[in-house]
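Have a look at the structure below before the remarks.
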Amino acid sequence: MRYKIISIFVLIIITWVSSFAQEQGRELKEPLTVNGDKVEYIPEKNVMVAEGNVEVVYEGMFLYADKVTVWMDKNEALAEGNVRLVRDGATFYGDKVSYYFKENKGKIISPRFEKYGPWYGKGLEAEEYEKGKYLLKKAYITTCDLEKPHYRFQAKLVKVIPGEKIIARNVVFYIKDTPVFY
């Protein structure tokens, strides 16, 4: 029952804020849904803060985290702690995610993906450069599922296009920490 009350409260706030955003010319294409164990709206800052099992849904994008802050006037969100971003058949995990709803793009700090076909990957940062297309910086890909893989293909830039391909250029092949081919 409590969950339903919180969800209804959040829906009312989102409706109110979206009407305010329309007046400001910052209208989103679809409603933004935010759920969590604790959801608080701060009207003087036009900010929503959700904590505990947070789920944000917008245009087929699902963002899960321990804490999410949404700046309603900027149409931006910052997710922190056990972050998972699911979109277009791709699932990324990371420490933090900044998401820009108007552009439908995000940036992931310390991204990793698991089981994209046979591939696993990890990087320093990832950015959605086009809808559903991701660019990982200082990243590696491998088919080894260990935390520290036995081997990996490492590159400065790795493009991931879910359902299609992974592209890496100027790749160095490592076995453990030793570069073998470059």
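The values are calculated or read from the model by the stated rules, or taken from the named source; none is laboratory data. A quick note: this is a predicted structure, and the numbers were derived from the prediction, not measured. When we count neighbours, we look across all protein chains shown, and the Cβ atoms used for this are built from the backbone with ideal geometry, even at glycine.
When only residues in segment 25-56 that are at pLDDT below 95 and touching a Leu at 6+ places or on another chain (Cβ under 9 Å) count, which is farthest from Ile109 (Cα to Cα)?
Only one residue tops the list, namely Pro31.
Please list, ordered by residue number, the strands (runs of 3 or more DSSP E) wholly in segment 53-128 having 2 or more residues that are of a type outside the set (Ser, Thr, Tyr), within 15 Å of Gly36 (Cβ to Cβ) and out of contact with any His (no Cβ under 9 Å at 6 or more places or on another chain).
Qualifying strands (runs of 3 or more DSSP E): 61-71, 76-87.
Any residue in segment 63-89 that's under 10 Å from Tyr99 (Cα atoms): show its pairings with residues that are of a type in the set (D, E, K, R) at Cβ separation under 8 Å, as long as the two are six or more apart or on different chains.
Leu63/Glu55; Leu63/Arg84; Val70/Glu76; Asn75/Arg26; Asn75/Lys102; Leu78/Lys96; Ala79/Lys67; Ala79/Lys96
Kindly list the number of the only condition in (1) assigned by TED's automatic domain parsing to the domain that holds Leu32; (2) out of contact with any Pro (no Cβ under 6 Å at 6 or more places or on another chain) that fails for Asp88.
Among (1) assigned by TED's automatic domain parsing to the domain that holds Leu32; (2) out of contact with any Pro (no Cβ under 6 Å at 6 or more places or on another chain), the lone unmet condition for Asp88 is (2).
Return a yes/no flag: does segment 93-110 have any residue that is polar (S, T, N, Q), closer than 25 Å to Lys74 by Cβ and surrounded by fewer than 16 Cβ atoms within 10 Å (Cβ to Cβ).
yes
Results for (1) among the hydrophobic types (A, V, I, L, M, F, W, C); (2) modelled with pLDDT under 95, shown as yes or no for each residue.
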| site | (1), (2) |
| --- | --- |
| Lys102 | no, yes |
| Lys156 | no, no |
| Pro162 | no, yes |
| Ile166 | yes, yes |
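Yes/no matrix, rows are residues, columns are (1) more than 30 Å from Trp71 (Cα to Cα); (2) in the same structural domain as Met61 (by TED's automatic domain parsing); (3) charged (D, E, K, R); (4) within 20 Å of the chain's Cα centre (by Cα):
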site	(1), (2), (3), (4)
Gly121	yes, no, no, yes
Ile141	yes, no, no, yes
Pro149	yes, no, no, no
Gln154	yes, no, no, no
Asp177	yes, no, yes, no
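What is the one condition in (1) in contact with an Asp or Glu (Cβ under 6 Å, 6 or more places away or on another chain); (2) more than 15 Å from Ala126 (Cα to Cα) that Lys96 does not satisfy?
Every listed condition holds for Lys96 apart from (2).
Filter segment 129-157 down to the residues that are in a strand (DSSP E or B) and among the aliphatic types (A, V, I, L, M), then identify the one that is surrounded by the fewest Cβ atoms within 10 Å (Cβ to Cβ).
Top of the filtered list is Leu157.
Look at Asn75 and say whether it is surrounded by 14 or more Cβ atoms within 10 Å (Cβ to Cβ), out of contact with any helix residue (DSSP H, G or I) (no Cβ under 7 Å at 6 or more places or on another chain) and not hydroxyl-bearing (Ser, Thr, Tyr).
yes
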